[in-house]
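Here's the structure we're looking at; comments come further down.
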Amino acid sequence: MYTDLMNAPRTARQRARAELTREILDAARRQLGEAGPSALSLRAVARELGMASSAIYRYFKSRDELLTALIIEGYDEIGDAAEAADDPAAEPDERWTAIWRGVREWALTNRHEFALLFGTPVPGYAAPPQAAVAAGRMPLALARVVADAKAAGVLAPPPAPTCDPALIDAGTAELLPGAGFDADETARVILAWNRLVGIVSYELHGHLHRVTADDAGFFDYTARVSGAFAGLRFA
């Protein structure tokens with residue numbers, strides 16, 4: 001949304017507006033690290049940039065609009081990381097592991113943004129529907145690997161227990177790419193996506209301290225186990 005606006009061809013006035021919008025977003029990201037998303041304030045951002053508090057409302061009408069911009073930008077960045085890590089010419093197990101590593105690397109570099117996306121919800125804030133498109137990019141990168149493996153006939157039969165179709169929203173499978181996913185395949189992609197977010201969150205919050213001896217190695221193990229559970233074949 002805001003990224004598209006800033007990348008589009010524009011006049012000098014539009015460029016100046018895009019540059020200041022970028023400065024506002026960067027300042028807001030710094031505030032995420034210093035005070036957390038619940039304390040995000042348009043006035044504080046304006047103060048840091050030396051703007052009149054009234055002027056910033058020409059760019060973002062409310063704190064929630066600024067939060068939405070940060071959330072969409074974060075989802076797009078983690079989606080970019082997942083998609084950039086994927087090489088469709090590689091074997092499914094290599095693609096899967098590379099996507100997981102790309103997500104982890106982004107998260108380790110952007111800890112506060114990851115927490116905004118997957119941490120405690122901001123009280124009183126609800127993300128608008130347009131955020132869902134950006135939010136879906138990272139899990140869809142995982143789903144594409146499974147879909148391509150299924151289309152190539154190399155997806156392994158899922159282990160028991162299988163998922164009751166009634167547990168999956170009817171529209172979810174329709175969002176997944178490639179060959180049609182049944183309820184069980186859909187559930188296993190959802191579980192893998194949840195496990196990816198979970199293991200990264202545990203690492204970022206220090207919950208693996210004195211639990212794992214090698215966080216990166218254990219992360220790769222988790223990726224392989226989750227991929228095998230989704231039906232991929234690992235050496």
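The values are calculated or read from the model by the stated rules, or taken from the named source; none is laboratory data. These numbers were taken from a predicted model, which means no experiment stands behind them. Cβ atoms come from the backbone with ideal geometry, glycine included; neighbour counts cover every protein chain shown. Accessible surface is based on the protein model in full, side chains and every heavy atom, while ligands, DNA and RNA are left aside. Shrake-Rupley method; radii C 1.70, N 1.55, O 1.52, S 1.80 Å.
Quick notes
- Hey, residue 195 open to solvent by 30 Å² or more (accessible area, probe 1.4 Å), outside any helix (DSSP H, G or I), charged (D, E, K, R) and closer than 22 Å to residue 98 by Cα or not: no
- In the range 96-146, the qualifying residues are those that are among the hydroxyl-bearing types (Ser, Thr, Tyr) and modelled with pLDDT under 95, and the one that is most open to solvent (accessible area, probe 1.4 Å) is 120.
- Checking each residue in the range 46-78 for being among the hydrophobic types (A, V, I, L, M, F, W, C), in a helix (DSSP H, G or I) and closer than 16 Å to residue 17 by Cβ picks out 46, 49, 55, 56, 66, 69.
- Test result for residue 41, open to solvent by less than 40 Å² (accessible area, probe 1.4 Å) and among the polar types (S, T, N, Q): yes
- Residue count for the range 106-144, restricted to those that are assigned to a helix (DSSP H, G or I) and either acidic (Asp, Glu) or free of Cβ contacts under 8 Å to residues at least 12 places away in the same chain (or both): 4
- Set 169, 148: member being assigned to a loop (DSSP other than H, G, I, E, B) and charged (D, E, K, R): 169
- Residue 82 being modelled with pLDDT under 95, hydrophobic (A, V, I, L, M, F, W, C) and either within 24 Å of residue 27 (Cα to Cα) or part of a helix (DSSP H, G or I) (or both): no
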